[in-house]
1. Scan the range 99-119 for residues that are open to solvent by less than 40 Å² (accessible area, probe 1.4 Å) and under 28 Å from PHE15 (Cβ atoms) and jot them down.
2. May I ask you to list the residues in the range 32-72 that are among the polar types (S, T, N, Q) and free of Cβ contacts under 8 Å to residues at least 60 places away in the same chain?
3. Determine if the range 347-359 includes at least one residue that is closer than 23 Å to ASN161 by Cα and either of a type in the set (S, T, N, Q) or open to solvent by 50 Å² or more (accessible area, probe 1.4 Å) (or both).
4. Could you pull out the residue among LEU370, LEU365, LEU340, LEU374 that is within 16 Å of ligand 2 (Cβ to nearest atom), surrounded by fewer than 23 Cβ atoms within 10 Å (Cβ to Cβ), assigned to a helix (DSSP H, G or I) and not assigned by TED's automatic domain parsing to the domain that holds ARG152?
5. Quick check on my filter: what residues within the range 12-39 are under 14 Å from SER81 (Cα atoms) and either open to solvent by 40 Å² or more (accessible area, probe 1.4 Å) or modelled with pLDDT under 95 (or both)?
6. Are any of the residues in the range 307-325 of a type outside the set (Ser, Thr, Tyr), out of contact with any Pro (no Cβ under 9 Å at 6 or more places or on another chain), on the phi > 0 side of the Ramachandran plot and at pLDDT 95 or above?
7. With the condition kept exactly as written, say whether any residue in the range 236-243 is open to solvent by 10 Å² or more (accessible area, probe 1.4 Å), modelled with pLDDT of 95 or more and of a type in the set (D, E, K, R).
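The values are calculated or read from the model by the stated rules, or taken from the named source; none is laboratory data. Worth saying up front: this structure is predicted, and the values here are computed from it rather than measured. All Cβ positions, even for glycine, are placed from backbone atoms using ideal geometry, and neighbour counts span all protein chains on display. With ligands, DNA and RNA removed, areas are computed over all heavy atoms of the protein, side chains included. Shrake-Rupley method; radii C 1.70, N 1.55, O 1.52, S 1.80 Å.
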Amino acid sequence: MKTNFSLAQLADPKFSGSNDILRKCVHCGFCTATCPTYTELGDERDSPRGRIYMIQQMLESGEPAPAETVTHIDRCLSCLSCMTTCPSGVDYMHLVDHARQYVDETYERPFADRALRSVLGLILPRPGLFRLALLGALLARPFRSLFFGRIRAMLDMAPGNLPGPSALDEIPVHAPKGTKARKRVILMTGCAQKVLSPDINDATIRLLTRHGVEVVIPEEAGCCGALPLHMGQEEPALAFARKNVLAWHKEKEAGDLDAILINTSGCGTTVKDYGHLFEQDPQMADKAAAVAGLAKDISEFLQDLELEIVERQENLRVAYHSACSLQHGQRVINEPKSLLARAGFEVLPIPEAYICCGSAGTYNLLQPELSARLRSRKAQNIASTSPDLVAAGNIGCIAQIGSEMDLPVVHTVQLLDWATGGPKPEALQA
Ligand code: SF4
Ligand code: SF4
C-alpha cells in the first residue's frame, strides 16, 4: 500500500520500520478469515486489514491517537494468526507493537483504564506482588457476584486455591552423578507462571537433568517484558528485557551454553525478538542478538534429545492446544505433538486450532467479554474431540481453558516428565 510519512517521521527508525511493513500490505484481505476478532465481530475495523489501515492513518497524522482507533487496537489479541495467513509477509507483530506504544504516548485513557493497566504492569511481572494479589482475589472470590466487568473477570480467572511454593530450590539442577552432562542450558523461570503453576518449572528441570542436561537459572533474570510490552509500556518492558539479556549473556560468557529454554511460549516469542527490541541500542544490540539466537521453546530442545520413555500412557487421549505464541509467533507446530505421541499419548487435533483461546497475556483481564466468547469457542472445539485431558505450552492458555472446562489442563512438559519417570501431574491425580 502507498504511504505518506514525512521525511522527519522517516528519520525515526520506528516510523521507517512501520513504513516498510505497511508498504508490504496489498489489502488482499486473506488475513481476515483467520482473525479471531473479525470472526467474532464481523467488523472490518476489528480485522488485521482494517487495523493496518487505521494504524497507518494514526501514525501518519502525527496527532494523538483517535479513540476509535484505540478501541480497535485494544481489541487485537496480538495472536499473530494474521501473520501465518498473510501471503505478503506483512510483519503485523512489530507494527501493532509500535501502534500500542504510540497510543500509550499520545492517548489519554479514562482514569479507571489507566489505573488498571498501571496496576497490572506493576503486579504481574513481580512474583511476590502477584502472589499477594492472588491471595486477595482468593479472599474476595466468595463475593464475586457483587462485582462486574474487569474486576469480576479477574476474580473468575484467579485459581480456586493458592498454589504452593516451587520445589525449585530442592530439585538438583545438575545432571545426576556419574552421567556427564551432555548439554548445558539456561532455563527462564519467568514471573506469573512460577506463581500460578510452580510444577511446570519443577517438571522441566526434572525432565532435563534426568536426560543429562545441566540447568542454570541466573538469579538476576525475571519477567521477559512481554506483559508490559503488549500494553504499550515500552520503558518497563525494555528494563525487564535488559536485565535478562545481561544476566544470560554473562552466563553465556562463563561457559559453553547450548540454549536458553523457555517453557511459556508467550515469553518465548518476546525473548526470540530481543535482537529486534535492542537493535538501535549500541550497548545492547550484540548481546541481545546473541541471547535471542540461543532462545528455544522447550519442545524444540526436547525434540533433539533422546527421551527415555519408561511409562507409556497409551490409554490417555490428549487434546493438544497450540498456543498462538507457539504456532503463529514462533512457528513451533509439530514438536509438542510429536513428543507427546512418542511418549505414547493419543494426540487429538482440535478443530479451529488456529483460533486464539482469548487469554493473550492481559487480554482476558482488559477485554473480558470478547475473551470469554473466544474461551467458550475454544472449549466447545476441545470438547468435540472427547479428550481425557488438555495439554498446552503456555500458562496463560492453561489458566484460560482450565477456568472454562472440567478437564485437567496441564503443560506438555508435565506429561513428558511423567512418561520419563517423574511424578504424575497433580491435576491428573483426582
Ligand atoms: S493478508 Fe497480508 S497483505 Fe493481505 S490484507 Fe492481510 S496483512 Fe495485508
Ligand atoms: S493479531 Fe490476531 S486479533 Fe490481531 S489482527 Fe492479527 S489475527 Fe486479528
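1. Within the range 99-119, the subset open to solvent by less than 40 Å² (accessible area, probe 1.4 Å) is 99-103, 109, 113, 115-117.
Those that are open to solvent by less than 40 Å² (accessible area, probe 1.4 Å) and under 28 Å from PHE15 (Cβ atoms): ALA99, ARG100, GLN101, TYR102, VAL103, ARG109, ASP113, ARG117.
2. THR32, SER47, GLN56, GLN57, SER61, THR69, THR71
3. Looking through the range 347-359, at least one residue is closer than 23 Å to ASN161 by Cα and either of a type in the set (S, T, N, Q) or open to solvent by 50 Å² or more (accessible area, probe 1.4 Å) (or both).
4. Among LEU370, LEU365, LEU340, LEU374, only LEU370 is within 16 Å of ligand 2 (Cβ to nearest atom), surrounded by fewer than 23 Cβ atoms within 10 Å (Cβ to Cβ), assigned to a helix (DSSP H, G or I) and not assigned by TED's automatic domain parsing to the domain that holds ARG152.
5. PHE30, ALA33, TYR38, THR39
6. no
7. Within the range 236-243, one or more residues are open to solvent by 10 Å² or more (accessible area, probe 1.4 Å), modelled with pLDDT of 95 or more and of a type in the set (D, E, K, R).
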